[in-house]
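Notes to accompany the following structure.
Rule-based calculations on the coordinates, nothing more; no lab input. Quick caveat, the model's predicted, so the values are computed rather than measured. Here the Cβ is made from the backbone with ideal geometry for all residues, glycine too, and neighbour counts use every protein chain on show.
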Amino acid sequence: MDWGMKNRVSRLIKPKTGKAVWLAIDHGYFLGPVSKLEDPAKTIKPLIPYTDALMLTRGILRNCVDAGLEIPFLLRVSGGNSIVGPALSDESIHTSMEEALRLNASAVAFSVYVGSQHENQTLTCLGQLVNEGQRFGMPVLAVTAVGKELEKRDARYLSLSCRIAAELGAQIVKTYYCDDFEKVVKSCPVPVVVAGGPKLDTEMDVLDLAHEAVTAGARGVDMGRNIWQSSNAVGMIKAIRSIVHDGSSVKEAAKFLNQK
Ligand code: R5P
């Protein structure tokens, strides 16, 4: 990896622990104003001190994030789909590499939909982004998306998607946690981080997911709804941080949930 790309990756995956806690707030690019993310600036303000990096679109970055904040970000560069449209998988590149460089992104992010009708389109876009990223020293985060088909999230499918994303050159892969997650991580030659998915039933379920994922080899989380839709978002991100960076048990981390 060239110096510039390596430097960008080390802003995201903290060299001290080799781990990462990213806050995903990019949901609006296809979901619009999701509950608790209607006012992104308000949502993220208390969470910033506990966040290694934000994942977001250029629109939210420019309008809701102070340029003076010392926080790296992963820029979602894809879109063109919506929750009410004909196919969530119909996604392509909407933000240029030039724009990512101008905004000082630490990585660009793109979703691939393996097995969908837009498999080829999204994988081709990923390849294109990787080519441009190599040219400019910009890491690419591939997100293994499943659209509305949440039942797809098993080790067989996610291993396939993650491996394909890595084979096409993504420097980091983001996927969902699943049973036998070790298999997913072991067969993917680049760092894997996990999304949280739709809000889980309990806060302890979220901590279990983070703990199981990191124990199985994930480098951290890129989580959204299970943090900022929590009634105690600050306690939740502190608890997740202690699991990811400090190796806390779920029980130890749960102490943060009792703090405000
Ligand atoms: C999809 O909406 C985005 O890629 C999210 O960044 C990703 O799904 C992570 O957010 P959550 O933890 O809410 O699933």
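Data for the structure
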{"item": "Of Lys14/Lys251; Lys14/Lys186; Lys6/Lys152; Lys152/Lys183; Lys152/Lys251, pairs whose Cα-Cα distance is over 27 Å", "result": "Lys6/Lys152; Lys152/Lys251"}
{"item": "Nearest-0.05 FRET efficiency for Glu70 and Gln134, computed from C-beta distance (R0 30 Å)", "result": "0.65"}
{"item": "Max mean-square fluctuation residue, GNM over the chain, Cα-Cα springs under 10 Å, options Glu38, Glu119, Glu149", "result": "Glu149"}
{"item": "Residue-by-residue Karplus 3J(HN,Hα) for region 147-153, coefficients 6.51, -1.76, 1.60, Hz, glycine and proline x", "result": "x, 7, 8, 5, 5, 5, 6"}
{"item": "Within a Gaussian network of the chain (alpha carbon springs, distance under 10 Å), most fluctuating of Gly32, Gly220, Gly196", "result": "Gly32"}
{"item": "Percent antiparallel among DSSP beta bridges (both partners in region 3-258, rounded to 5)", "result": "10"}
{"item": "Long-range amide H partners of Ser78 with built H, under 5 Å", "result": "His94"}
{"item": "GNM result for the chain, Cα springs below 10 Å: residue of Val34, Val244, Val143 fluctuating most strongly", "result": "Val34"}
